[in-house]
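A.B. asks: Quick one: the structure is below, and I'll ask about it shortly.
The values are calculated or read from the model by the stated rules, or taken from the named source; none is laboratory data. Everything numeric in this text was worked out from a predicted model, so none of it was measured. Because the Cβ atoms are built from the backbone with ideal geometry, glycine has one as well, and the counts that use them run over all protein chains shown. Note: accessible area is taken over every heavy atom of the protein model, side chains too, but ligands, DNA and RNA are not part of it. Shrake-Rupley method; radii C 1.70, N 1.55, O 1.52, S 1.80 Å.
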Amino acid sequence: MAGHSDNRPVTLTHPLSPRWLERPDGYRHFESAYFVGHGKETFDRCAEELLHWEVKIRSGFDIEVNVDAVHVGSADTVSRAAGAESTADVDARAGSGRPPRVEPGQEPTIRVRLGPFRLPEPSRVIDVVDTEDRCGFTYGTKPGHPITGEESFILIRTADDRVFLVLRSVSRAGQGIWRLGEPFVRLAQIVYRRRYGRALRS
């Protein structure tokens, strides 16, 4: 279950595997591929966007990353509201006006927009994949998240030069009060997965 190298972290969604065969018991499993486009230029553009959280941002989430926690060199928290232009101060700290590049060990606070409310989804990045034809990241949930589980966003370029975003996740009801809201959470997962599938298209 540890993937393709002894040095890689253990994940449940196996982001490096072309086929997801080992699926853990006790979770709901989800896997789907969404067509993004053709060619290396599309792959490279989408890889850069994916590895800066744009799939989440464009799907209606705010992302906050403590860059000091991943040794980027600043104790500031960089944030960006979904769909909003970042401020000059954030530009100066982040360089590109968006959250820092995804790194293993990051513990971002992901906030989903629900009308005037922001629901926090504490998470930790488990693994990052960045190869010539496959890139993406996997994060797991932390206490306080509406679900317990893991999610992977994997961009792949096939032999015939098509580019897909592959989503893989394992999930079950969160702890405490979140168990009571599981039907709502499952409906929200369906909605946001559709948004993820459209997020990288030109």
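A.B. asks: Please work out if Arg111 is in a strand (DSSP E or B), open to solvent by less than 60 Å² (accessible area, probe 1.4 Å) and not aliphatic (A, V, I, L, M).
C.D. replies: no
A.B. asks: Test Val129 against the stated conditions and say whether it is farther than 19 Å from Asp62 by Cα and either part of a loop (DSSP other than H, G, I, E, B) or touching a residue at least 60 places away in the same chain (Cβ under 8 Å) (or both).
C.D. replies: Against the criterion (farther than 19 Å from Asp62 by Cα and either part of a loop (DSSP other than H, G, I, E, B) or touching a residue at least 60 places away in the same chain (Cβ under 8 Å) (or both)), Val129 qualifies.
A.B. asks: What number of residues in the stretch 165-184 are at pLDDT 80 or above and open to solvent by less than 30 Å² (accessible area, probe 1.4 Å)?
C.D. replies: Counting residues in the stretch 165-184 that are at pLDDT 80 or above and open to solvent by less than 30 Å² (accessible area, probe 1.4 Å) gives 8.
A.B. asks: Report, by residue number, each residue of the stretch 130-146 that is touching a Ser or Thr at 6+ places or on another chain (Cβ under 9 Å) and open to solvent by 30 Å² or more (accessible area, probe 1.4 Å).
C.D. replies: Within the stretch 130-146, Asp133, Thr141, Lys142 qualify.
A.B. asks: Oh, and also: Across the stretch 147-161, what is the total count of residues that are open to solvent by 10 Å² or more (accessible area, probe 1.4 Å) and either in a strand (DSSP E or B) or not charged (D, E, K, R) (or both)?
C.D. replies: The qualifying residues number 9.
A.B. asks: Among Val78, Val55, Val90, Val72, which is at pLDDT 50 or above and surrounded by 14 or more Cβ atoms within 10 Å (Cβ to Cβ)?
C.D. replies: Val55
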